[in-house]
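Worksheet for the structure shown next.
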Amino acid sequence: MSDQPRRPRSSAKPYRRPKKDPVRVLAFEALRAVDERDAYANLVLPPLLRKAREKEGPEKFEARDAALATELVYGTLRWQGTYDAVLASCVDRPLGDVDPPVLDVLSLGAHQLLGTRIPTHAAVSATVELARVVLGDGRAKYVNAVLRKVAQHDLDGWLERVAPPYDEDPEDHLAVVHSHPRWIVSALWDSLGGGRAGVEELLRADNERPEVTLVARPGRATAEELLDEDAAVPGRWSPYAVRLAEGGEPGAVAAVRDGRAGVQDEGSQLVAMALASAPLDGPDRRWLDGCAGPGGKAALLGALAAERGALLVASEKQTHRAGLVARALDGNPGPYQVIAADGTRPAWRPGSFDRVLVDVPCTGLGALRRRPEARWRRRPEDLEGFAPLQRGLLSTALESVRVGGVVGYATCSPHLAETRAVVADVLKRHPDTDLVDARPLLPGVPDLGEGPDVQLWPHLHGTDAMYLALIRRTG
């Protein structure tokens, strides 16, 4: 035997290549696109999922993989405000100093720990493994340390620690508990005009995944045809609406692929139907959609106009959006015209139309269920940016309708500065107008308030928070 001492064994663990999890990598890529490019998840995620389904081998997505990736992306975005408050208590620096890619991984981990049924160990280990793949081993150790702190409490336990007491600061309490910016909580509270229970119901509804709602375009498809689809149920209020069960894929519906039906929130359908049903004095031959892009309301209005032999003119300022409108109207059973024109500088003569709809650009605070990232992008000063355009479009619409005709002012926002304030301000400068009570034109829809305008709500009607005021020109 040799008397040479044996070389001690190394205590270092051998390097292990990180295991790539396609679902979590895709979710991370989607969040980075939202953060870096100001993209919207509902536009970024579908092509990523489609590409993943087309792959072969272990990275090919099945239905359950797509469902998990969707939940990780949308859940993380919806609850970003709450998770930021939690993570701020677990990191060793101001949250704004954490590298954005690291923060995205931490947020994905926080959602798995606090917002899903994924077991704690699995949530931490899967997120740390993701960090090794997309960030490297060094920052993966940091992610591991932070998530182990997050895992020390469940969501309710964390809310007790990071949310101020309701009695001390009601708006900030609700902002943290329900993951909305404080200014939006305040604005929604003002718009509802009620107490704590109502605003909490609305905030909870904003954080629920919305159903996919289809519209059967009259003269081209029927709701009965759409109801033949698997797990499809009738809409709540619109006779043209059909709701798909969770996971329902609109692209798999033949009528949608053919353009005879489309994806359209039921609130949007109700706005178009109410304008089409408003009583007129005189002829009913020419209709205008003054802000037609991307074409959902225009397609329904065009079909309703066709039933009466009326012409729809669909105007959209942006050329590429006008192209989307033309695609939505292609195959309309009656006459229509699509033009690229500025609604504040009309390409038509005053008094040319019997019915006019202006669904004006806005902050989109009524669609936070569908675009959760919008709540973190919007700022109070955005309201000032939209105000002149909204007033200009409504003023032009009132000039474009003939005496005895009706204008519908619509917006996907419940903020009073974008709804009643705009209407009141414009009508002061147009004394030859009267507000029409819109409530009877939405038959069967409850909780429409005192009128004459209408505000729809996610928690009361299951729709986006669409606003509608109908205005008749009297002179």
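Table for the structure above
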| quantity | calculated |
| --- | --- |
| Whole-Hz ³J(HN,Hα) from phi, Karplus 6.51 cos²θ - 1.76 cosθ + 1.60, for the range 417-423, glycine and proline x | 5, 9, 10, 5, 5, 5, 4 |
| Charge dipole (the chain, unit charges on Cβ, about Cα centre) - positive-most of Ala303, Gln269, Tyr83 | Tyr83 |
| Extension reserve of the Trp183-Arg321 stretch, reckoned as 0.36 nm per residue once the Cα distance is removed | 46.6 nm |
| FRET efficiency for Arg117 and Asp447, using Cβ-Cβ distance with R0 set to 41 Å, rounded to 0.05 | 0.75 |
| Apportionment of accessible area to carbon and sulfur, the range 109-218, percent (1.4 Å) | 48 |
| Reference-scaled alpha-carbon Rg (2.2 N^0.38 Å with N residues) for the range 109-176 | 1.33 |
| Set of lysines near Lys141 by C-alpha distance (under 30 Å), chain-local residues within fewer than 8 positions excluded | Lys13, Lys19, Lys20, Lys60, Lys149 |
| Interatomic Cα distance distribution for the chain, bins of 20 angstrom, percent | 22, 49, 23, 4, 1, 0 |
| Relative contact order for the range 133-193, counting Cα pairs under 8 Å that sit 6 or more residues apart, in percent | 17 |
| Solvent-accessible area, 1.4 Å probe, carbon plus sulfur percent, for the range 226-301 | 50 |
| Selection from Val454, Gly404, Thr419 lying farthest towards where the dipole of the range 389-470 points positive, charges on Cβ | Gly404 |
| Pairwise centroid distance, computed over Cα atoms, of the range 152-175 with the range 329-396, Å | 38 |
| For the range 309-315, 3J(HN,Hα) per residue [Karplus equation, 6.51 cos²θ - 1.76 cosθ + 1.60, θ = phi - 60°, Hz, x = Gly/Pro] | x, 9, 9, 9, 9, 10, 10 |
| Listed residue (Leu203, Ala438, Val134) projecting farthest to the positive dipole end of the chain, Cβ model | Val134 |
| Using θ = phi - 60° and Karplus 6.51 cos²θ - 1.76 cosθ + 1.60, couplings along the range 88-104 (whole Hz; Gly, Pro as x) | 4, 7, 10, 9, 9, 7, x, 4, x, 8, 6, 4, x, x, 5, 5, 4 |
| Calculated [θ] (222 nm, deg cm²/dmol) that DSSP helices of n ≥ 4 give over the chain, each run adding -39,500 (n - 2.57) | -14000 deg cm²/dmol |
| Tilt relative to the chain, helix 266-277 - C-alpha long axis, 0 to 90 degrees, to 10 | 0 |
| Fraction of accessible area attributable to carbon and sulfur, the range 356-435 (%, probe 1.4 Å) | 57 |
| Average Cα contact separation per residue, the chain, under 8 Å, 6 or more apart, as relative contact order % | 11 |
| By accessible area with a 1.4 Å probe, ligands and nucleic acids excluded, highest first: order of Ile339, Ile184 | Ile339, Ile184 |
| Where only C-alpha atoms are counted, convex hull volume of the range 49-120 per residue in Å³ | 113 |
| Whole-number accessible area per residue in Å² for the chain, which is evaluated in the context of all protein chains at 1.4 Å | 47 |
| Listed residues Arg369, Arg439 arranged by accessible area, highest first, probe 1.4 Å | Arg439, Arg369 |
| The range 10-111, dipole about Cα centre (Lys/Arg Cβ +1, Asp/Glu Cβ -1), debye to the nearest 20 | 520 |
| Solvent-accessible surface ranking, highest first, for His459, His178 at 1.4 angstrom | His459, His178 |
| Beta bridge orientation in the range 359-475: antiparallel %, DSSP, nearest 5 | 90 |
| Nonlocal amide H pairs with Arg285, under 5 Å, H built at 1.01 Å | Asp354 |
| Crossing angle, helix 120-134 versus the chain [Cα axis fit, 0-90 degrees, rounded to tens] | 90 |
| Volume per residue that the Cα convex hull of the range 369-475 spans, once the total is divided by residue count, Å³ | 106 |
| Beta bridge orientation in the chain: antiparallel %, DSSP, nearest 5 | 55 |
| Trp348 accessible area, 1.4 Å probe, all protein chains in place, Å² to nearest 10 | 40 |
| Dipole moment magnitude, nearest 20 debye, the chain about Cα centre, only Lys, Arg, Asp, Glu C-beta charged | 1660 |
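The values are calculated or read from the model by the stated rules, or taken from the named source; none is laboratory data. Everything numeric here is computed off the predicted structure, so don't read it as measured data. So basically every Cβ, Gly included, is an ideal-geometry build from the backbone, and we count neighbours across all protein chains shown. For accessibility, only protein heavy atoms count, side chains too; no ligands or nucleic acids. Shrake-Rupley method; radii C 1.70, N 1.55, O 1.52, S 1.80 Å.
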